[in-house]
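The values are calculated or read from the model by the stated rules, or taken from the named source; none is laboratory data. What you see is a predicted model; the values in this text were computed from it and never measured. Counting neighbours? That spans all protein chains shown, and the Cβs are built from the backbone with ideal geometry, glycine included.
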Amino acid sequence: MSRARTALAAALGSAVVLAAAACAPQSTATSTASAGASSGTGASAAAAACSTSSPDLYKQGQLTVATDSPAYAPWFDNNAPSDGKGFESAVAYAVAAKLGFGKSQVKWVVEPFDNSYAPGAKNFDFDINEISITPQRAQAVDFSTGYYTADQGVLVLNNSKYAKAGSLSALKDAKIGVQVATTSYQAVQDEIKPAHAPSVYNTTNDEVNALQDGQIDAIVTDMPTVFYLSSAELSHGKILGAFGYNGSSPEQFGLLLKKGSGLTSCVDQAIAGLKSDGTLARITTQWLSASADVPELKQ
């Protein structure tokens, strides 16, 4: 039994004991016997809910995981989510292991980013795709607890007139590009407050082309993607710096599940286990270490 199932089973078992005591006063002997039976029933139910045969799974005996295509580095490797390489592929398999699934029991499906948080049925158990947890999206879907805290990054060309900008206010007159359906658009609006409305592009490739063609002066996106674009997709690029968004509530990526999924608490327990045993920190260092030592852009 995984740590996730053990913890959840214990929590639910305790809840059943308390509920029984509150509703029907009984003798000590009877109460003890009833509480023991209820605890056992609760533990069994909780274990079943988080097992590889959970009735809440999209398909019994397998964990169906979604992401978009193409899947970019450093989140994935060579658009091959099933190889276990890249930060989010590694996180997905680590969560699967906590839930009791072997690598061969994890099946990947494609889910376009901006469809993922639409209301309705899902053909996956969870989606992992740099999806920021927001109150608006949480009205239609479930989110796990966060597995990554993301700052926004600013990328320019090294011969740009903004290449020496040292603050967010210095970018007020810049033409800025963001990717559609990401939180970067609102981050730009709220933190930079540009004179020109941000230009919205369907893909990061479109953003890079626009920057190189002079249609925009800067790209704003999450920091790991900024690192990837500057090293692999863009010639003569410069990482200007990073800034936090949401003030005292940092932007976090979460696993996305259908609204009301019975697996949400199981996934939360799995992530908690990955944090407590150091696995998530190790994966982050392995795949996202380049995010360190970037200047912070303030107002």
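Scan segment 174-184 for residues that are within 18 Å of the chain's Cα centre (by Cα) and either under 24 Å from Lys164 (Cα atoms) or not in a loop (DSSP other than H, G, I, E, B) (or both) and jot them down.
Listed by number, the residues that qualify are Gln179, Ser184.
Select, from Ala170, Ala174, the only residue that is in contact (Cβ under 8 Å) with a residue 40 or more places away in the chain and either surrounded by 14 or more Cβ atoms within 10 Å (Cβ to Cβ) or under 16 Å from Glu233 (Cα atoms) (or both).
Going through Ala170, Ala174 in turn, just one is in contact (Cβ under 8 Å) with a residue 40 or more places away in the chain and either surrounded by 14 or more Cβ atoms within 10 Å (Cβ to Cβ) or under 16 Å from Glu233 (Cα atoms) (or both): Ala174.
What number goes with the only condition from (1) surrounded by fewer than 20 Cβ atoms within 10 Å (Cβ to Cβ); (2) of a type in the set (Val, Ile, Thr); (3) at pLDDT 95 or above that Thr149 does not pass?
Evaluating Thr149 over (1) surrounded by fewer than 20 Cβ atoms within 10 Å (Cβ to Cβ); (2) of a type in the set (Val, Ile, Thr); (3) at pLDDT 95 or above leaves (3) as the failure.
Collect the residues in segment 187-202 that are surrounded by 14 or more Cβ atoms within 10 Å (Cβ to Cβ), in contact (Cβ under 8 Å) with a residue 12 or more places away in the chain and more than 15 Å from Gly153 (Cβ to Cβ), keeping them in residue-number order.
Within segment 187-202, Pro194, Ser199, Val200, Tyr201 qualify.
Being surrounded by fewer than 20 Cβ atoms within 10 Å (Cβ to Cβ), at negative phi and in a loop (DSSP other than H, G, I, E, B) is the filter here; which residues of segment 58-69 pass it?
Gln60, Ser69
Considering every residue within segment 70-79, establish whether at least one is crowded, with 16+ Cβ neighbours inside 10 Å, polar (S, T, N, Q) and in contact with a Ser or Thr (Cβ under 9 Å, 6 or more places away or on another chain).
No, every residue in segment 70-79 fails to be crowded, with 16+ Cβ neighbours inside 10 Å, polar (S, T, N, Q) and in contact with a Ser or Thr (Cβ under 9 Å, 6 or more places away or on another chain).
Of these, Thr41, Thr30, Thr52, Thr6, which one is modelled with pLDDT under 80, surrounded by 14 or more Cβ atoms within 10 Å (Cβ to Cβ), farther than 29 Å from Ala150 by Cβ and β-branched (Val, Ile, Thr)?
After applying the criteria, what remains is Thr6.
Residues in segment 207-225: is at least one out of contact with any Cys (no Cβ under 7 Å at 6 or more places or on another chain), closer than 21 Å to Phe87 by Cα, of a type in the set (D, E, K, R) and buried (at least 20 other Cβ atoms within 10 Å of the Cβ)?
Yes.
Looking at (1) under 28 Å from the mean Cα position of the chain (by Cα); (2) under 17 Å from Lys238 (Cα atoms); (3) of a type in the set (Gly, Ala, Ser), find the lone condition where Ala150 falls short.
(2)
Being outside any helix (DSSP H, G or I), among the hydrophobic types (A, V, I, L, M, F, W, C), touching a residue at least 60 places away in the same chain (Cβ under 8 Å) and within 22 Å of Lys275 (Cβ to Cβ) is the filter here; which residues of segment 74-128 pass it?
Matches in segment 74-128: Trp75, Phe126, Ile128.
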